[in-house]
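Taking it in order: structure first as structure tokens, then the write-up.
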């Protein structure tokens, strides 16, 4: 292998090694994420002769996603203050800002083509994830109960049952540490290989002299 080719391989291995080390360190330093789910069952009730629309579940999704309901969750958990400390340097967040952050952590889906709704929350704190999921479910249940009481069942309403409350997950969903360690070791191997090839090239040049 000539010196120029050796130098190119060495330089490429060195740069690739540094890149992999950077990726590995980023994965190792990034916080783990935990995911948990609360399952609820909304039941649709209507007065005789009142039309029950085919988009009931979609309507319930929109209610849970609404600024009104998520705003209540934010207030119940004091997230404006707590997340302000975490993401805004201690400055209290506006409710609209906190609701936006909350939506990114929440996923709604219909469970196995049933009328059960799974409220799944992803967060860096396993206890926080379960608190958010359960608070959303409870806030939604209370909201529908308030509506039933106000309307006195004169129009179609829904009653909500919390089937399975969320529990704090024990294991993170992401394998950041495993992949981070693998990238870091591969990167170190690349750096060492590149350094060796570059040193070998210099040694070979000196030997010729």
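Can you tell me how much longer the chain between residue 113 and residue 7 gets when fully stretched, taken as 0.36 nm per residue apart minus their C-alpha distance, in nm with one decimal?
Values: separation 106, 0.36 × 106 = 38.16 nm, distance 6.03 nm.
Stretched out fully, the residue 113 to residue 7 stretch lengthens by 32.1 nm.
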Net length gained if the chain between residue 186 and residue 81 were fully extended (0.36 nm per residue, minus Cα distance): 33.6 nm
Pair residue 171, residue 103: separation of 7 Å Cα→Cβ label points (nm): 3.3 nm
Debye log10 I(q)/I(0) at q = 0.14, 0.22 Å⁻¹ for region 34-164, Cα point scatterers: -0.64, -1.31
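Going by C-beta contacts inside 10 Å, put 191, 127 in order with the fewest on the left. It would help to have the intermediate numbers written out before the result.
Details: 191 19, 127 13.
Placing the least packed residue first, the sequence is 127, 191.
Could you line up 186, 171, 21 from fewest to most neighbouring Cβ atoms inside 10 Å?
Numbers: 186 16, 171 10, 21 19.
In order of increasing Cβ crowding within 10 Å: 171, 186, 21.
How big is the Cα convex hull of region 94-138 in projection, averaged over all directions, in nm²? All intermediate terms of the calculation are to be shown ahead of the outcome.
On the way: hull surface 14.9 nm².
Over every viewing direction, the Cα hull of region 94-138 projects on average to 3.7 nm².
Here, each number is a calculation from the coordinates, and none is a lab measurement. The structure presented is a predicted model; accordingly, all values stated were derived computationally and were not measured. Neighbour counts are summed over all protein chains in view; Cβ atoms, including those assigned to glycine, are modelled from backbone coordinates with ideal geometry.
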